[in-house]
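Presented below is the structure to which this report refers.
Any read-out appearing in this document is the output of simple, stated calculations on the displayed coordinates, not a laboratory observation. It should be emphasised that the depicted structure is a prediction, and the values quoted were computed from it without experimental measurement. FYI the Cβ positions are ideal-geometry reconstructions off the backbone, even for glycines, and counts take in every protein chain you see.
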């Protein structure tokens, strides 16, 4: 499967760390030209430096102007986008409703949901130039169920990502562009290590039927599958990759 990615162009947001970094590396190792977008200039540039056929672009994906500028740079250099991975997201702290300010609500929704809208809308002209365009949105188990503590705006935004995925898939199907989402559960990233102490991480692992956290690399492999010809007839779906923590 990986051979088909050689010479293609992928854009990964939130690519400096975690799932985004693992995804950018997976595409890079498969011979894809990868654009890594992030606000973390130091770690984003370091990640891009691992592959000759990659480039880091500093981009705040909640800013319409910065998103447009980033896509303009990609257009100037590569002229098309074959794969767009809307991965940027997260939240700074686990809170309850009454602990969440309106400012934090807006900031988290913008980062996790509005960014998907902005990146996709802006990148569409370049995706339409691809012979086989794919959009993969990173959602979350938090957008499917509410049986563990997270942050209200994050859960709401990720549910929105799943819904937006279906809308985009419906609109773009006639153009041959597939749109799918992934809903990970507990992924062992730097952010999770900072948010949750050791006791909470152990309790979370114990709540997962498979008994462990998943790695960013496991999610990256799912992204490559959804961007491959093997998933060519799959669109509008949210794939739950959660170790059995939520079953339908």
- Query: Could you give the nm distance between label points at residue 93 and residue 41, where each point is 7 Å from its Cα heading toward the beta carbon?
  - Reply: 2.8 nm
- Message: Quick check on the chain: helices-only [θ] at 222 nm, where DSSP H runs of length 4 and up contribute -39,500 (n - 2.57) each and the sum goes over total residues. Nearest 500, please.
- Response: -13000 deg cm²/dmol
- Query: By how many degrees, 0 to 90 and rounded to 10, does the Cα axis of helix 64-78 deviate from the longest principal axis of the chain?
  - Reply: 40 degrees
- Query: What is the gain in length, in nm to one decimal, between residue 114 and residue 64 on full extension, counting 0.36 nm per residue of separation less the C-alpha to C-alpha distance?
  - Reply: 17.0 nm
- Take the alpha-carbon centre of region 1-72, take the same for region 102-140, and report the distance between them in whole Å. 14 Å
- Note on the structure: Cα-based Rg/(2.2 N^0.38 Å) for region 2-241, rounded to two decimals, is 0.96
- If you bin every alpha carbon distance in region 85-159 into 10 Å steps from zero, what whole percent lands in each bin? 19, 45, 23, 11, 2
- Item | Pairwise FRET efficiency - residue 218 versus residue 72, Cβ, R0 = 30 Å, nearest 0.05 | 0.35
- Message: For a quick check, take a GNM of the chain with Cα springs below 10 Å and name the residue from 228, 115, 78 with the largest mean-square fluctuation.
- Response: 78
